[in-house]
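In what follows, a single structure is set out as structure tokens and then discussed.
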Amino acid sequence: MNTTPVADPAHAESSVAAADAEVRTLDTATLAHLQTWRGNTESRMDEVTAAPVAALSATLDRDDPPPASGTVLPALWHWLYFLPQPRRSEIGPDGHARRGGFLPPVPLARRMWAGGRLAWQTGNPLVVGDAITRHSFIDGVRHKTGRTGDLVFVVVRHEIHNGSGLALTEEHDIVYRANPQAGDPVPPPQPAAGNAAWSETITPDDVLLFRYSALTFNGHRIHYDRKYVTEVEGYPGLIVHGPLIATLLVNLLRNNMPDARVLKFDFRAVRPVFDLWPFKLHGKPSGDGKTVELWTEDHEGWLTMQATATLA
């Protein structure tokens, strides 16, 4: 199973499990059962093919040369591989695979990709033509009682290898929580910083979201089914994928520092982004040029994602 598109953090992969949609608290037996998933492992194989690279380049409106054998895969574009492929009969009502398997079957309605930490190995980039293997581990399953009910935090660690050895490690934070109810406290939004050196406005639309969902084989209906996302999950519009937003931030860095090579990338989702309004990408390199602060801002000026890129 691939935990990738998850897209979206709070704007991300929220999963509705029909039978458990109203669960807000977990009993001791359930929590103990979920803990047994800690240490669970999975390995998958894939190949870095050229077609998805060309397709994502077009989706991001880049004028890149056609990818060929040996073309270096840009940072975060590994999310085009190791895609989940559940059979149609294995898909739940929200478009995700039904729960269980590699990830613990947390009976809380929403699954959110809350952030991650990635590190690329110096001198061993992923390139088109590579045969790759991903080893995945459940590093932790943690329970917390929040203001609106129980929260379960799952940390998944991925190690991606090519023919030369380890190329990339990734820690992926998943948060499970209940669907919000009327009267639940809402965390106050954070204002976005106003000191950007680079900025770009993105106007998300159905076509952008559809193309990214197709590229990552992401069937989650919150990204393309307006009736579902508004009437079932209660959001005002389609949700922009978290991985897409993170990829757009790295794309902003590439546009402004084309020779830079990302060694580490840490990001955290703060607030959902919807297709109803444009949003802004921002970046600011440090004085010594070793790191770049990256963030996104919604149409009201609130922070929606925060990231730091460490450069070679």
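The values are calculated or read from the model by the stated rules, or taken from the named source; none is laboratory data. The structure displayed is predicted, hence computed values, not measured ones. Neighbour counts run over all protein chains shown; Cβ positions are idealised from the backbone, glycine included.
The set of residues from the stretch 64-91 being part of a loop (DSSP other than H, G, I, E, B), out of contact with any helix residue (DSSP H, G or I) (no Cβ under 8 Å at 6 or more places or on another chain) and either of a type outside the set (G, A, S) or within 17 Å of P243 (Cβ to Cβ) (or both) comprises P65, F82, L83, P84, Q85, P86, R87.
Counting residues in the stretch 267-285 that are free of Cβ contacts under 8 Å to residues at least 24 places away in the same chain, among the charged types (D, E, K, R) and more than 18 Å from L56 (Cα to Cα) gives zero.
Residue-wise test of (1) among the charged types (D, E, K, R); (2) within 30 Å of A178 (Cα to Cα); (3) out of contact with any strand residue (DSSP E or B) (no Cβ under 7 Å at 6 or more places or on another chain).
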position: D61; (1), (2), (3): yes, no, yes
position: P67; (1), (2), (3): no, no, yes
position: F82; (1), (2), (3): no, yes, no
position: P107; (1), (2), (3): no, yes, yes
position: G115; (1), (2), (3): no, yes, no
position: V128; (1), (2), (3): no, no, yes
position: R134; (1), (2), (3): yes, no, no
position: T145; (1), (2), (3): no, yes, yes
position: V156; (1), (2), (3): no, yes, no
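The residues of the stretch 99-146 that are out of contact with any Leu (no Cβ under 8 Å at 6 or more places or on another chain), over 25 Å from V273 (Cα atoms) and free of Cβ contacts under 8 Å to residues at least 60 places away in the same chain, listed by number, are G100, G123, R142. If the condition is being surrounded by fewer than 22 Cβ atoms within 10 Å (Cβ to Cβ) and part of a strand (DSSP E or B), then the stretch 299-308 contributes W302, L303, Q306, T308. Among the residues of the stretch 72-98, the ones that are buried (at least 18 other Cβ atoms within 10 Å of the Cβ) and touching a Gly at 6+ places or on another chain (Cβ under 8 Å) come to 2 in all.
Any residue in the stretch 41-53 that is of a type outside the set (A, V, I, L, M, F, W, C) and in contact with a helix residue (DSSP H, G or I) (Cβ under 8 Å, 6 or more places away or on another chain)? Within the stretch 41-53, one or more residues are of a type outside the set (A, V, I, L, M, F, W, C) and in contact with a helix residue (DSSP H, G or I) (Cβ under 8 Å, 6 or more places away or on another chain). Restricted to the stretch 12-42, and to residues there that are modelled with pLDDT under 85 and among the aliphatic types (A, V, I, L, M), the residue that is surrounded by the most Cβ atoms within 10 Å (Cβ to Cβ) is A12. Across the stretch 125-148, not a single residue is classified as within 20 Å of R44 (Cβ to Cβ), touching a helix residue (DSSP H, G or I) at 6+ places or on another chain (Cβ under 7 Å) and not in a loop (DSSP other than H, G, I, E, B). Of the residues screened, V154 is one that is in a strand (DSSP E or B) and among the β-branched types (V, I, T). Exactly one residue among T122, T59 is modelled with pLDDT of 90 or more and surrounded by fewer than 16 Cβ atoms within 10 Å (Cβ to Cβ), and that residue is T122. For T296, the conditions (1) part of a loop (DSSP other than H, G, I, E, B); (2) of a type outside the set (D, E, K, R); (3) touching a strand residue (DSSP E or B) at 6+ places or on another chain (Cβ under 9 Å) all hold with the exception of (1).
Residue pairs whose Cβ atoms lie under 7 Å apart, separated by 6 or more positions or on different chains, with the first residue in the stretch 30-57 and touching a residue at least 60 places away in the same chain (Cβ under 8 Å) and the second polar (S, T, N, Q), are T41/S136; E42/S136; S43/T133; M45/T133; V53/T71. Condition check for N162 on (1) touching a helix residue (DSSP H, G or I) at 6+ places or on another chain (Cβ under 7 Å); (2) surrounded by 19 or more Cβ atoms within 10 Å (Cβ to Cβ): one failure, at (1). Out of A109, A114, one residue alone is modelled with pLDDT under 95, within 16 Å of A246 (Cα to Cα) and under 19 Å from the mean Cα position of the chain (by Cα). It is A114.
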